[in-house]
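Enquirer: Okay, here's the structure, questions in a sec.
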Amino acid sequence: MDNKKREEVNSSDKWNIELVYKDIDSFNADMEKTLKEIDILENMQTDFLTSSEKFKEFLMQDEKTSRMIEKLSVYANCRNDEDKREAKYQELSGKITNLYSLYNEKTSSVIPEILKLDKKIIDKYIEEQKELEPYKYYFDVIFLKKEHILDEQVEKVLSSYLPVLSAPSEISSYLTNADIKFGFIEDENKNKVELTESNYSIFLKSKNRDVRKQAFKTMLNTYGNFKNTLTSSYSGAINYDTITARLRNYTSSIEMYLSSKKIPIELYNNLIKTVRSNIDVLYDYYALKKDILGLTEFHLYDGYVKVIKDNEKKYSYDEAKEIVLKALNILGDDYIRVLETAFTEGWVDKYPNIGKRTGAYSTGSYDTLPYVLLNYTNTYNDISTLAHELGHSMHTYYSNKYNPYINSGYPIFLAEIASTTNELLLSNYMYLNSSTKEEKLDILNEKLDLFKATIFRQTMFAEFEKNAHEYVEDKNILTSDYLCDMYYKLNKDYFGDNVIVDDEIKYEWLRIPHFYTPFYVYQYATSLSISCYIAENIINKTPGFKEKYIEFLKSGGRNYPLEVLKIIDIDLTNTEIFESAIKLFKNTIEEFKKVYYKE
């Protein structure tokens, strides 16, 4: 399928992107209109705060402009991802980058001007103009930052330095993705092959222990050769966070990043505390893998290989569609009715083709369909990916339908919940309907890997970056020795005494790009924990819970994340949700043992 050119792919297998714009001429026409709308928006800024009427007119113009930009962006980026080699689509994507830059430049003074006012004035404007009622939460969030906004001249200087301050992330990205060469290893057939970031994970899963050992040591030792450069890069990013937090009167970097959505630091700490206090469950997981693999010594490079035979069963896309619909039928008639339109109205771009972007994602705007890009190749993992991405798209559909534009975008903190809930519901359905021991073990193995990678590994990452930031905030200088030793110790803690923690692991942090998006990774662990709670209640048919979950999907971004979670009876200020997710992991380990060792 992937050797087809884009024009050779059946229209029924493509997303219906022509619903956004029928062709590039239509796109360009709307682009010209949008440029004029930005000019209008700029001209309105001279007196937009002088009355509630002018304030409303400005916000309505800003909404109109933003929606046009987002619609253009969906079309351009989807077209570009259909075939990354096409110059005409690369140009569209470049136009969008410039358009966002122009919009940000022309509106950069709006928030600082608003924050010069007493919030009571904005509240009064909203009260006088009923159409602005949905903006109440939006301005609550903005004024939450007021005490952290500096004077206009300082803000202007900081803003002008942003391209320079993004350099650490860019340096790391170019170095690790373009400049570093990892050398060669021997594959399972004794062929000499070049090791890359793309094939590293494949070799780590090799059934041949020597192959995965080679890959592990070669990859991480290569990163170790660049430890000083990459430490300098990461140190620059943390120094930026620390200095900015201090200038903006935050007590710490973590407070700066979490407080804008009222996420308490206690939540972050509770996650780490709960995972650490239940770390013996992870030790049991590795003990099980060691036993099944028949190893006298279990090394870190043994952690990714499957302990069971690969599931070679193939599923056509039509079979996958039916499986997903049946698995998610438990969410109710309305959910399924909408989900069926995803398969009939062109939401999904199904198969690989030459030049198509790899991987999968869900995208869309307030004025487009919630599109899904896939690279479907008939495996069970592809079915899981389909369910996952449709979880995002259904969340987007409900958020857009039941909220005005200003409140339609749900925050990152909630973004992975619907997708991983779908994965868990699919896993449960497939397990109950599997007919062989091999199928059951494959499903349980996928589930165990999800828990290990998302709750435990991401929490370890979260602890690493918290420690690194605190070290700098305590007036210490980050060195490669400190970071490598700290990361090595974390691995010792998280893997336990029965796993040989190879020395090379101390360099692994150098290849983790997420560390350049501060205090982000913990949200993977919180999302899966929440999804476990949701899936269990839906599977157990807790009275009224399904309806609460659909209401959660409809909530969009109309309130702070922890308030939205109260819709589904979740309180993350305690550790109960994290503990229940780890308990489910433990139960899955026991279920795997029962099935595996059954005669």
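The values are calculated or read from the model by the stated rules, or taken from the named source; none is laboratory data. What you see is a predicted model, and the numbers here were worked out from it, not measured in a lab. Neighbour counts run over all protein chains shown; Cβ positions are idealised from the backbone, glycine included.
Enquirer: Given the criterion surrounded by 21 or more Cβ atoms within 10 Å (Cβ to Cβ) and either within 19 Å of ILE323 (Cα to Cα) or in contact with a strand residue (DSSP E or B) (Cβ under 8 Å, 6 or more places away or on another chain) (or both), identify the matching residue among THR459, THR436, THR396.
Expert: Numbers: THR459 fails: either within 19 Å of ILE323 (Cα to Cα) or in contact with a strand residue (DSSP E or B) (Cβ under 8 Å, 6 or more places away or on another chain) (or both); THR436 fails: surrounded by 21 or more Cβ atoms within 10 Å (Cβ to Cβ).
It is THR396.
Enquirer: Answer yes or no: is there a residue in region 134-145 that is over 25 Å from SER159 (Cα atoms), without any contact (Cβ under 8 Å) to a residue 24 or more places away in the chain and surrounded by fewer than 14 Cβ atoms within 10 Å (Cβ to Cβ).
Expert: no
Enquirer: Find the residue count for region 477-516, including only residues that are without any contact (Cβ under 8 Å) to a residue 60 or more places away in the chain and under 15 Å from the mean Cα position of the chain (by Cα).
Expert: Residues flagged as without any contact (Cβ under 8 Å) to a residue 60 or more places away in the chain and under 15 Å from the mean Cα position of the chain (by Cα) within region 477-516 amount to 2.
Enquirer: Return the only residue of GLU37, GLU63, GLU70 being modelled with pLDDT of 95 or more and in contact with a Pro (Cβ under 9 Å, 6 or more places away or on another chain). Don't jump to the end; show me each part of the working.
Expert: Working: GLU37 fails: in contact with a Pro (Cβ under 9 Å, 6 or more places away or on another chain); GLU70 fails: in contact with a Pro (Cβ under 9 Å, 6 or more places away or on another chain).
Sole residue among the options that is modelled with pLDDT of 95 or more and in contact with a Pro (Cβ under 9 Å, 6 or more places away or on another chain): GLU63.
Enquirer: Further question: I need the full set of residues from region 101-125 which are acidic (Asp, Glu) and either within 19 Å of LEU150 (Cβ to Cβ) or at pLDDT below 95 (or both), in order please.
Expert: Let us first name the residues in region 101-125 that are acidic (Asp, Glu), namely 105, 113, 118, 123.
Correct list: GLU105, GLU113, ASP118.
Enquirer: Checking the structure you have, find out if any residue of region 51-70 is more than 30 Å from LEU374 (Cα to Cα) and either of a type in the set (Gly, Ala, Ser) or not in a helix (DSSP H, G or I) (or both).
Expert: Yes, that holds for at least one residue.
Enquirer: Looking at this structure, is ILE121 within 24 Å of GLN45 (Cα to Cα), buried (at least 16 other Cβ atoms within 10 Å of the Cβ), out of contact with any strand residue (DSSP E or B) (no Cβ under 7 Å at 6 or more places or on another chain) and among the aliphatic types (A, V, I, L, M)? Reasoning before the result, please.
Expert: Working: within 24 Å of GLN45 (Cα to Cα): yes; buried (at least 16 other Cβ atoms within 10 Å of the Cβ): no; out of contact with any strand residue (DSSP E or B) (no Cβ under 7 Å at 6 or more places or on another chain): yes; among the aliphatic types (A, V, I, L, M): yes.
No; evaluated as a whole, the condition is false for this residue.
So that you can scan it fast, the table gives a plain yes or no per residue for (1) touching a residue at least 12 places away in the same chain (Cβ under 8 Å); (2) over 24 Å from VAL305 (Cβ atoms); (3) crowded, with 16+ Cβ neighbours inside 10 Å:
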site: SER198; (1), (2), (3): no, no, no
site: SER206; (1), (2), (3): yes, no, yes
site: ARG209; (1), (2), (3): yes, no, no
site: THR218; (1), (2), (3): yes, no, yes
site: GLY236; (1), (2), (3): yes, yes, yes
site: ARG276; (1), (2), (3): yes, yes, no
site: VAL281; (1), (2), (3): yes, no, yes
site: TYR285; (1), (2), (3): yes, no, yes
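Enquirer: Somewhere in region 566-576, is a residue farther than 18 Å from THR459 by Cα, assigned to a helix (DSSP H, G or I) and either of a type outside the set (Val, Ile, Thr) or at pLDDT below 95 (or both)? Explain how you work it out, then say what you get.
Expert: Start the filter on region 566-576 by keeping residues that are farther than 18 Å from THR459 by Cα, which leaves 566-571.
Next cut, assigned to a helix (DSSP H, G or I) only: 566-568.
Checking the rest, the ones that are also either of a type outside the set (Val, Ile, Thr) or at pLDDT below 95 (or both) come to 566.
The answer is yes, given that some residue of region 566-576 is farther than 18 Å from THR459 by Cα, assigned to a helix (DSSP H, G or I) and either of a type outside the set (Val, Ile, Thr) or at pLDDT below 95 (or both).
Enquirer: Okay, moving on. What are the pairs with Cβ atoms under 7 angstrom where one residue, in region 441-465, is within 30 Å of GLY236 (Cα to Cα) and the other, located anywhere, is of a type in the set (S, T, N, Q)? Sequence gap at least six, or different chains.
Expert: From residues that are within 30 Å of GLY236 (Cα to Cα), the pairs are ILE455/SER529.
Enquirer: Next question, about the same structure. Give the number of residues within region 353-367 that are touching a Phe, Trp or Tyr at 6+ places or on another chain (Cβ under 8 Å) and surrounded by fewer than 22 Cβ atoms within 10 Å (Cβ to Cβ).
Expert: Restricting attention to region 353-367, the residues satisfying the condition of being touching a Phe, Trp or Tyr at 6+ places or on another chain (Cβ under 8 Å) are 362-364, 366.
When the remaining residues are screened for being surrounded by fewer than 22 Cβ atoms within 10 Å (Cβ to Cβ), the result is 363-364, 366.
Counting residues in region 353-367 that are touching a Phe, Trp or Tyr at 6+ places or on another chain (Cβ under 8 Å) and surrounded by fewer than 22 Cβ atoms within 10 Å (Cβ to Cβ) gives 3.
Enquirer: Taking ASN378 as the residue in question, decide whether it is at pLDDT 95 or above and outside any helix (DSSP H, G or I). Quick ask: steps written out before the conclusion?
Expert: Working: at pLDDT 95 or above: no; outside any helix (DSSP H, G or I): yes.
No, not satisfied.
Enquirer: Take the residues of region 472-507 that are assigned to a loop (DSSP other than H, G, I, E, B) and of a type outside the set (A, V, I, L, M): which is nearest to PHE216 (Cα to Cα)?
Expert: Here is the first cut: in region 472-507, the ones assigned to a loop (DSSP other than H, G, I, E, B) are 474-479, 496-499, 501-502.
Of the ones still in play, those that are also of a type outside the set (A, V, I, L, M) are 474-476, 479, 496-498, 502.
Working: ASP474: 34, LYS475: 34, ASN476: 31, THR479: 24, GLY496: 19, ASP497: 20, ASN498: 19, ASP502: 10 Å.
Residue satisfying both the conditions and the ranking: ASP502.
Enquirer: Would you tally the residues in region 1-29 being surrounded by 13 or more Cβ atoms within 10 Å (Cβ to Cβ), modelled with pLDDT of 95 or more, out of contact with any Phe, Trp or Tyr (no Cβ under 6 Å at 6 or more places or on another chain) and in a helix (DSSP H, G or I)?
Expert: 6
Enquirer: Test of understanding: among GLU32, GLU37, GLU70, which residue is within 33 Å of the chain's Cα centre (by Cα), surrounded by 15 or more Cβ atoms within 10 Å (Cβ to Cβ) and without any contact (Cβ under 8 Å) to a residue 60 or more places away in the chain? Show your work before the answer.
Expert: Numbers: GLU32 fails: surrounded by 15 or more Cβ atoms within 10 Å (Cβ to Cβ); GLU70 fails: without any contact (Cβ under 8 Å) to a residue 60 or more places away in the chain.
So the residue among GLU32, GLU37, GLU70 that is within 33 Å of the chain's Cα centre (by Cα), surrounded by 15 or more Cβ atoms within 10 Å (Cβ to Cβ) and without any contact (Cβ under 8 Å) to a residue 60 or more places away in the chain is GLU37.
Enquirer: Go through ILE539, ILE567, ILE500, ILE512 for me and flag whichever is surrounded by fewer than 18 Cβ atoms within 10 Å (Cβ to Cβ), touching a strand residue (DSSP E or B) at 6+ places or on another chain (Cβ under 9 Å) and not basic (Lys, Arg). Can you show your working first?
Expert: Details: ILE539 fails: touching a strand residue (DSSP E or B) at 6+ places or on another chain (Cβ under 9 Å); ILE567 fails: touching a strand residue (DSSP E or B) at 6+ places or on another chain (Cβ under 9 Å); ILE512 fails: touching a strand residue (DSSP E or B) at 6+ places or on another chain (Cβ under 9 Å).
Just a single option satisfies the conditions, and that option is ILE500.
Enquirer: Quick check, is ILE512 closer than 26 Å to ASN225 by Cβ and of a type outside the set (Asp, Glu)?
Expert: On the way: closer than 26 Å to ASN225 by Cβ: yes; of a type outside the set (Asp, Glu): yes.
So ILE512 fits the description; yes.
Enquirer: Would you point out which residue out of ASN587, ASN559, ASN537 is under 26 Å from TYR397 (Cβ atoms) and in a helix (DSSP H, G or I)?
Expert: Working: ASN587 fails: under 26 Å from TYR397 (Cβ atoms); ASN559 fails: in a helix (DSSP H, G or I).
Being under 26 Å from TYR397 (Cβ atoms) and in a helix (DSSP H, G or I) holds for just one of ASN587, ASN559, ASN537, which is ASN537.
Enquirer: If we keep just the residues of region 516-536 that are surrounded by 22 or more Cβ atoms within 10 Å (Cβ to Cβ) and among the hydrophobic types (A, V, I, L, M, F, W, C), which is nearest to LEU271 (Cα to Cα)?
Expert: If we take residues in region 516-536 being surrounded by 22 or more Cβ atoms within 10 Å (Cβ to Cβ) and among the hydrophobic types (A, V, I, L, M, F, W, C), then ALA525 is nearest to LEU271 (Cα to Cα).
Enquirer: Give me the residue from region 161-196 that is at negative phi and small (Gly, Ala, Ser) and, out of that set, surrounded by the most Cβ atoms within 10 Å (Cβ to Cβ).
Expert: Checked region 161-196; the qualifying residue surrounded by the most Cβ atoms within 10 Å (Cβ to Cβ) is SER172.
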